[in-house]
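The block underneath contains the structure these notes are about, expressed in structure tokens.
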Amino acid sequence: MSALNTTIERMTRRRSLSTVVLAYGFAALLVAGPWIFTILGIAGLSATRCESACDQLALFRSVVIHNALFALVVTSPLAFFFGRYVADRVHGGEHDRLVFAFMLSLDLFALIVAATVVPFYLLVVSLPGPARLAAIQSAFLVGSSWLLMPFLAAAGAHRGIMLAFGLNASVMLLFGQVLTDPSATTLLLAFNTGFAITDGVLIAAVSHAFGSRAQPDWKQIRRQLRHWELPLAGFAYAVGIWADKLVMWYGTSAGGLLVAGVLRTSPSYDTAMFWAQMASIPVIAVAFVHVETRLSRLFARFYGRLGQSASRRELSEVRQELRGCVIVFVARLVSARAIVDGMTILVSFVFMEALSLRPSYMS
């Protein structure tokens, strides 16, 4: 990513305001594009016309939210583990082994889906038969797209990622315009169609970047198992993102919504959390442009000096510079986030109804 980060950083140094805005906008799409496009697509589906009460929308959203929870918790350990493997192989120029790694990660994910999601929707959740199958399919398609992204990021195929999720959003927005009084099954099938297109484009991009031959690499996979902390970190990362929502869904009774017998959500809290996460995108874009670029240069300098057999004193100086850089950047990002949060809070007072926030939940 260092070359791309550097290019965007140079754009931000120009005096043209439009160029600066374009640079940060492009950075935001690179770091949060898939999420932004998916949210746009779901919003488009949720805007479907209903001649009566749109009670099926709540069921559709609950299934999608729980599938997103499952997909992130399951795929994050796999993505962390195979992401390191992909980085090592790309660094070593061994691109022909990456298709095998992707197929292995997808097989592991499919086994987990078969052992958990399938019995959950078939035996626990109260849904019509077609909706059960659509919900299972949705969990698999969403998780597959998240598994594909580390491989494409390693190949620098960011355009392919944007194209895949852009088409996804377009398809869901189109369905939202043509559907009237859709059932939860119809909405899930429309959602799955969008993600099926996304997965198809991503797989085509992986095949274009690394070929279609899957050459086994069990020796390196077994060696990779030494990095046991990577999947553990991925699991902790995913659980940390969803822990507060699980507490609000199942730990409080006020404002909760229960559908299909067991699927709980808290619309008021979930909406507030959604806008809070949206507000983080500008800060993440700044981090992508400036923080990652600076750290990349320092790491390149450190490993360059290490390769030149530098003295321990010289390496310690670079390490101290890295440490100071991290502390300064964290402080800057926290300050920037505080400013963005303050602006978001003020805006929410004005657009509370438009943001679907309840005045009683303002605190």
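Under a Gaussian network description of the chain, with springs only between Cα atoms under 10 Å, the residue in 189, 263, 333 that fluctuates furthest is 333.
Helical content alone sets the calculated 222 nm signal of the chain at -26500 deg cm²/dmol, taking -39,500 (n - 2.57) per DSSP H segment of four or more residues and averaging over every residue.
Solvent exposure of residue 95, expressed as accessible area, is near 70 Å², computed with a probe of 1.4 Å over the protein chains only.
Look at (i) 137; (ii) 204; (iii) 173: the one that is volume of the Cα convex hull per residue in Å³ derived from this structure is (iii). Note on region 109-213: percent of Cα-Cα distances in each 10 Å bin, starting at 0 and stopping at the bin with the largest distance, equals 15, 38, 32, 14, 1. A 1.4 Å probe over all protein chains sorts 237, 85, 24 by accessible area into 237, 24, 85, starting with the largest. In a Gaussian network model over the chain where Cα atoms closer than 10 Å are linked, find which of 230, 111, 141 has the largest mean-square fluctuation. Fluctuation is largest for 111. Taking the inverse of the mean reciprocal distance over all distinct Cα pairs, the Kirkwood hydrodynamic radius of region 139-184 comes to 12.3 Å.
When the solvent-accessible area of the chain is split by element, carbon and sulfur atoms take up 66 percent of it, the probe being 1.4 Å. Expressed as an acute angle from 0 to 90° and rounded to the nearest 10, what is the orientation of the C-alpha long axis of helix 267-279 relative to the principal long axis of the chain? That helix lies at roughly 30 degrees to the long axis.
A cysteine counts as unpartnered when no other cysteine's C-beta lies under 4.7 Å of its own; in the chain this applies to 325.
In the elastic network of the chain, a GNM with C-alpha springs shorter than 10 Å, the most mobile of 98, 152, 306 is 306.
The alpha carbon centroids of region 314-330 and region 112-191 are separated by 42 Å.
Skip the ligands, DNA and RNA, and give the accessible area per residue of the chain with a 1.4 Å probe, whole Å².
With the other protein chains kept in place, the chain gives 53 Å² per residue.
The values are calculated or read from the model by the stated rules, or taken from the named source; none is laboratory data. This is a predicted model, so every value here is computed, not measured. Cβ sites come from the backbone with ideal geometry, for glycine too, and all protein chains shown count toward neighbours. The area values use the complete protein model at the heavy-atom level, side chains included, leaving out ligands, DNA and RNA. Shrake-Rupley method; radii C 1.70, N 1.55, O 1.52, S 1.80 Å.
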